[in-house]
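The values are calculated or read from the model by the stated rules, or taken from the named source; none is laboratory data. Just so it is clear, the model here is predicted, and its values are computed rather than measured. A quick note on method: Cβ atoms are made from the backbone with ideal geometry, for glycine too, and the neighbour counts reach across all protein chains shown. For the accessible areas, the whole protein counts, side chains as well, though only heavy atoms, and no ligand, DNA or RNA atoms are used. Shrake-Rupley method; radii C 1.70, N 1.55, O 1.52, S 1.80 Å.
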Amino acid sequence: MRIWLYILLGFVVLFIVLITVILSSTITTKLDVVLRKGKQHVIVEIKMLFGMVKRTWDMPFHMANGGIEYKTEPVANSESDSPSSHNQDSSSKTIRYSDYIRALWYTKGFKKWVRQTLASIHLENIRWSTRIALDHAADTAVATGLLHGLKHTLLGWMSHRLIMEEPPQVDVYPIFNGPPQISTEVYCIAKISCGKAIYAGLVLIVRVLKVKGGVRSWQSTLFKA
């Protein structure tokens, strides 16, 4: 009888250790956004459980029908995880602004939840480059300066809400001899502990449940997407 008690105690200790390790692990998200003429897409790579779980998606998108239409295209992470094995997962979806705005209204204290969640996110390796060309060289130069100021203002605002591990790299390249155009690329790595991510998800669920019709609103929005 004592042996079974020790075995049970060992399983309990092992379970507690595993839960502690999982909750202390980090969720790492690499985000690469490209906005160019004729090419808009987002590449998202997520790593969990010390790299044992890894998925990558390439999502081309465009603005249409009062929202953003995009297509999820899983990217192979290894030879055994070939693109052909994910072809059936590719699907077109739409995020409509009105649906999500309505869902947010049905979430109690959503702004507070966002502030608390952002405070747990660590950002690193931030690179934001933009190329711009207008009809006249003087206008291009002025726009370049304005974009520099706008980027630094936005990143300064973000630095008070997220944890930036290093100063971001911000570039604006004026094109004086090219046709009118503007393109931008953003790359960053965001990290949050698995425990804090789970806690944030549970808090959001509780806030949705506190509002009458909140669950129905979110279900309708997610189902449409």
**OP:** Could you tell me which residue of the stretch 156-174 is modelled with the lowest pLDDT, considering only residues that are in contact with a helix residue (DSSP H, G or I) (Cβ under 7 Å, 6 or more places away or on another chain) and either over 21 Å from ASP32 (Cβ atoms) or among the charged types (D, E, K, R) (or both)?
**Re:** ARG161
Original post:
Out of curiosity, is SER193 open to solvent by less than 50 Å² (accessible area, probe 1.4 Å), farther than 17 Å from PHE110 by Cα, of a type in the set (Ser, Thr, Tyr) and more than 18 Å from the chain's Cα centre (by Cα)?
Top reply: no
Original post:
Within the stretch 152-183, can you find the residues that are open to solvent by less than 60 Å² (accessible area, probe 1.4 Å) and either within 19 Å of LEU118 (Cα to Cα) or touching a Leu at 6+ places or on another chain (Cβ under 8 Å) (or both)?
Top reply: LEU155, GLY156, MET158, SER159, LEU162, MET164, PRO168, VAL170, VAL172, SER183
**OP:** Six or more apart or on different chains, Cβ under 6 Å: which pairs go from a residue in the stretch 22-50 that's closer than 12 Å to PRO60 by Cβ to one that's in a strand (DSSP E or B) and of a type in the set (S, T, N, Q)? Could you list them?
**Re:** LEU35/THR184; ARG36/SER183
Subject >> Scope the stretch 104-118; condition open to solvent by 50 Å² or more (accessible area, probe 1.4 Å) and either part of a helix (DSSP H, G or I) or within 22 Å of LYS196 (Cα to Cα) (or both); matching residues >> reply: LEU104, TRP105, LYS108, PHE110, LYS111, LYS112, ARG115, GLN116
Subject >> Spans of strands (runs of 3 or more DSSP E) in the stretch 21-70 with at least 3 residues open to solvent by less than 30 Å² (accessible area, probe 1.4 Å) and of a type in the set (Ser, Thr, Tyr) >> reply: none
Subject >> Unique match (being touching a Lys or Arg at 6+ places or on another chain (Cβ under 8 Å) and modelled with pLDDT of 90 or more) among THR153, THR144, THR130 >> reply: THR130
